[in-house]
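Just so you know, all these numbers are worked out from the coordinates, no wet-lab data involved. The shown structure was predicted, so the numbers you read here are calculated from the model rather than taken from an experiment. Virtual Cβ from ideal backbone geometry, glycine too; neighbours counted across all protein chains shown.
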Amino acid sequence: YEGTVQDVTQRRQHERELEFHATHDLLTRLPNRNLLQDRLEQSILHAERFRRPVVVAMIDLDNFKYVNDSLGHTRGDELLVEVGRRLRDSLRGVDTVARYGGDEFVLILCDAPDIDAARLVLDRVQRAILRPLDLGGHEIHVACSIGVSVYPDDGVDMRTLLRHADAAMYHAKQLGKGRYQF
């Protein structure tokens, strides 16, 4: 009995670990693209039902390459983990932050009564990222550029919303970085 219970317990633990690895970024422990897709699709269904917008924000850290080049990839990874934590702490429980890849993150803001409420969240996110960070004795100041798309005005499916948020993010960078653009 004892050996069987232990084997089943270990197998279940292993299955939970595999599921976590399939749905989360291992560095930041945030949802990855797979879970982002599911959450965005669920958010769209919820928004259709309750006639509310869904705000999708693509975040790119400005000049992240310089951190990796000057302080090394280990410090760059520390920065990504801290930014992920700050993003998560800036959102409400119904919202999602996911690591999209590299130094890009995606936010899904659900149940925002209007765009002005979403702007308040985006302002809070930018302030959180702008706070100085100590990386191995170096005080680092990081800014981000954010591109925003809104369901249903900018698209009615995940792919379109992400594409428009990405285009808006690059437009924000062209306008001078450190800002968000709808």
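Charges were assigned to the Cβ only: +1 to each Lys and Arg, -1 to each Asp and Glu. The resulting dipole of the stretch 112-164 about its Cα centre is roughly 120 debye. For the stretch 3-81, the dipole from Cβ point charges (+1 on Lys and Arg, -1 on Asp and Glu) about the Cα centre works out to 340 debye, to the nearest 20. When +1 charges are put on Lys and Arg Cβ atoms and -1 charges on Asp and Glu Cβ atoms, the dipole computed for the chain relative to its Cα centre reaches about 340 debye. When both the stretch 79-117 and the stretch 57-72 are represented by their alpha-carbon centers, they are found 17 Å apart. Scaling the Cα radius of gyration of the stretch 115-182 by the globular reference 2.2 N^0.38 Å produces a ratio of 1.29.
Note on the chain: the C-alpha convex hull projects to 12.9 nm² when averaged across all orientations. From the residues G136, L107, V125, which one has its Cα farthest along the dipole of the stretch 88-182 in the positive direction, the dipole being from +1 and -1 charges on Cβ of Lys/Arg and Asp/Glu about the Cα centre? Highest projection toward the positive end goes to G136. Of the beta bridges in the stretch 25-182, as assigned by DSSP with both residues counted there, near 90 percent are antiparallel. What shape does the stretch 5-65 have by the C-alpha gyration tensor, where a ≥ b ≥ c are the square roots of the eigenvalues, rounded means a/c under 1.5, and otherwise prolate means a/b greater than b/c and oblate the rest? Here the stretch 5-65 falls in the oblate category.
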